[in-house]
Amino acid sequence: MSTLRTDPGPTSPRSDAEKLHCAFGSGPPDPDFSSFYRYRQMLGCDKARVVHILAHRDATQRALIQKAYLEMYSEDILKRLSLKLSGNLETSVLLWMPDPVERDLQVVKQGLRLETENLQAATEVICSRTPSQIQSFKQQYLSKFEVHLEDDIDRQPLGHHRELLLAYVRQRRDEDLRYDTERAQEDSRALLGADECTFIRIFSERSRAQLAVVISAYSDLSGNSLEKERSAYFNLEI
């Protein structure tokens, strides 16, 4: 019979910081992050222990650990994590550390960088927001990166995908949970064989509740999934 292993009781941020420091192994951080030094440093890291500690802490606790680590070792734990980890593990752990708002800001910014371009991730963050949340997110984005979200989106080379995101962040959509079935029928008919401008207009102007009814009406009318038809074109999930 297997045994479920759980994390022991609450620990202090300083205790967690000390455990992480031990898990990292010895050796000063390399200012140049040379690939040879990075490889050598990664060999001495107990990655499973690092993941175990951070995965059992919430965002507030991880923030306190980060503060304690800086006070105890005069080093930003994010730099140490970046040095000791690599690949998807490094990306995942570094995204655990910030609070949810900070994490989403980083995801969108990284997704909109031309050299890393991950529009799927940026789209998921942006399109999961209500209109009021998007307005707040735009202000936070400007404050952190000193550039407007719309300007970063506008630099993207993918035409229709870019236009969809721009419309989504600019349009003041209704947040009401009520919906209009007659209007949904009209929209579903308009979407049959529609060009991308029509698609962008409907999906950026309708409320979330209204869109759910439009998608259902389209499926009943055409026998096809609107999500699958358009996600293939835009390279995104609706």
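Remarks
- This model, with +1 at the C-beta of Lys and Arg and -1 at the C-beta of Asp and Glu, gives segment 58-107 a dipole about its Cα centre of some 160 debye.
- Accessible surface of S15, taken over heavy atoms with a 1.4 Å probe and every protein chain present, rounds to 40 Å².
- T11 - accessible surface, heavy atoms, 1.4 Å probe, Å² rounded to 10: 50
- For the pair E182 and A63 in one chain, pulling the backbone fully straight at 0.36 nm per residue adds 37.9 nm over the alpha carbon distance.
- Put D76, D154 in order of accessible area, highest first, and with a 1.4 Å probe you get D154, D76.
- Candidates per GluC sites (Glu not before Pro) in segment 156-186, loop by DSSP, up to 14 other Cβ within 10 Å: E175
- Solvent accessible area, Å² - L158, 1.4 Å probe, full protein context: 70
- Pairwise FRET efficiency - C22 versus S143, Cβ, R0 = 35 Å, nearest 0.05: 0.40
- Mean accessible surface per residue for segment 76-196, computed with a 1.4 Å probe while every protein chain stays in place, in Å²: 54
- Approximating the spin labels as points 7 Å out from Cα along Cα→Cβ, the V125-to-E205 distance works out to 2.9 nm.
- Nearest-0.05 FRET efficiency for H52 and T198, computed from C-beta distance (R0 41 Å): 0.20
- Cα-Cα over 32 Å, subset of K84/K228; K19/K138; K109/K228: K84/K228; K19/K138
- Segment 76-168 - percent relative contact order, Cα under 8 Å, separation 6 or more: 17
- Residue-span extension gain [S92 to N118] - 0.36 nm each, minus C-alpha spacing: 7.9 nm
The values are calculated or read from the model by the stated rules, or taken from the named source; none is laboratory data. Quantities reported herein were computed from a predicted structural model and do not represent experimental measurements. In this analysis, Cβ positions are derived from the backbone assuming ideal geometry, glycine residues included, and neighbour counts consider all displayed protein chains. Note: accessible area is taken over every heavy atom of the protein model, side chains too, but ligands, DNA and RNA are not part of it. Shrake-Rupley method; radii C 1.70, N 1.55, O 1.52, S 1.80 Å.
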